[in-house]
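The values are calculated or read from the model by the stated rules, or taken from the named source; none is laboratory data. None of the values given here were measured: they were computed from a predicted structure. With ideal geometry, Cβ positions are generated from the backbone for all residues, glycine too; neighbour counts draw on all protein chains shown.
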Amino acid sequence: MSEKGEKEAALAGKLMKAEGLEFDIVYVSVLQRAIKTLWLAMEAMDRQYLPVVKTWRLNERHYGGLQGLNKAETAQKFGEAKVMEWRRSYAIPPPPVDPKSEHHPRNDPRYRNVPDADLPATESLETTGLRFMPEWKSVIAPRLAAGENVLITAHGNSLRALVKHLDNISEKDILGVNIPTGVPLVYEIDRKTLKPVKQSGALAPLQGRYLGDAAAVAAAANAVANQAKGSKKQ
């Protein structure tokens, strides 16, 4: 996790504390950057005591054979147009990762209790949502219906799957939605219908609202939109 990411995580915690947000339980992916983001945010909120549930279903999208590759190198190998098609299309996944690769989840101890049939060798945004939504419907949503407040710490594509569901965003329009890193997104959920109540200051097509400076939020979202030109690994 970069120094910039650490600062973003701490700021996210401070923003949630200043907003007076309180949570009963936290859900986080099993990826290190999400877990560390959560630690830093909880520390900034003085809420380290909150119960935390780690679930692989909140993981970032699995980029198949592109996992572990530099994005610029990937674009050079496959062509920028093809990489953008994989990254930004709704239903087209990259080539699957080799089952013997260290990047295949079956070779990672974090997934030793997950059936092989459930582990992705590659994912599109569509299949990321199919993997994530059972956790929402059977685990997280019932807690909201019971009156609890929930904090979710996940990743751009798993969160896009969630907002697509909450805000009833089309497959076409979700491709233009970029979730900025390290910025809290607050939803008020009707406990009976489990549908979002539109927040003042929400940015369409979302009904939730981002915390923090509007210009900084816009810049962060734009950075996500341009990330394929960066040099970070998948």
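The single condition from (1) under 25 Å from Ile189 (Cβ atoms); (2) assigned to a helix (DSSP H, G or I) that Trp86 fails is (1). Count of segment 66-79 residues, restricted to those that are surrounded by fewer than 21 Cβ atoms within 10 Å (Cβ to Cβ) and assigned to a helix (DSSP H, G or I), is 7.
Which residue pairs have Cβ atoms closer than 9 Å, lie 6 or more positions apart in sequence or on different chains, and pair a first residue in segment 16-44 that is under 16 Å from Leu144 (Cα atoms) with a second residue that is of a type in the set (Gly, Ala, Ser) and surrounded by fewer than 16 Cβ atoms within 10 Å (Cβ to Cβ)? Once the first residue is under 16 Å from Leu144 (Cα atoms) and sits in segment 16-44, its partners that are of a type in the set (Gly, Ala, Ser) and surrounded by fewer than 16 Cβ atoms within 10 Å (Cβ to Cβ) give Asp24/Gly147.
For segment 104-128, the tally of residues that are within 19 Å of the chain's Cα centre (by Cα) and in a loop (DSSP other than H, G, I, E, B) stands at 6.
Matching residues to (1) at pLDDT 90 or above; (2) over 30 Å from Glu73 (Cβ atoms); (3) in a loop (DSSP other than H, G, I, E, B):
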site	(1), (2), (3)
Ile140	yes, yes, no
Gly147	yes, yes, yes
Leu159	yes, no, no
Leu166	yes, yes, no
Ile169	yes, yes, yes
Val177	yes, no, yes
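Collect the residues in segment 167-192 that are touching a residue at least 24 places away in the same chain (Cβ under 8 Å), crowded, with 17+ Cβ neighbours inside 10 Å and more than 14 Å from the chain's Cα centre (by Cα), keeping them in residue-number order. The answer is Asp167, Ile169, Ile189. Of the numbered criteria (1) modelled with pLDDT of 95 or more; (2) more than 18 Å from the chain's Cα centre (by Cα); (3) among the basic types (Lys, Arg), the one Arg131 fails is (2). The residue list Leu58, Leu40 contains one member that is touching a helix residue (DSSP H, G or I) at 6+ places or on another chain (Cβ under 7 Å), surrounded by 17 or more Cβ atoms within 10 Å (Cβ to Cβ), under 23 Å from Val114 (Cα atoms) and not β-branched (Val, Ile, Thr), which is Leu58.
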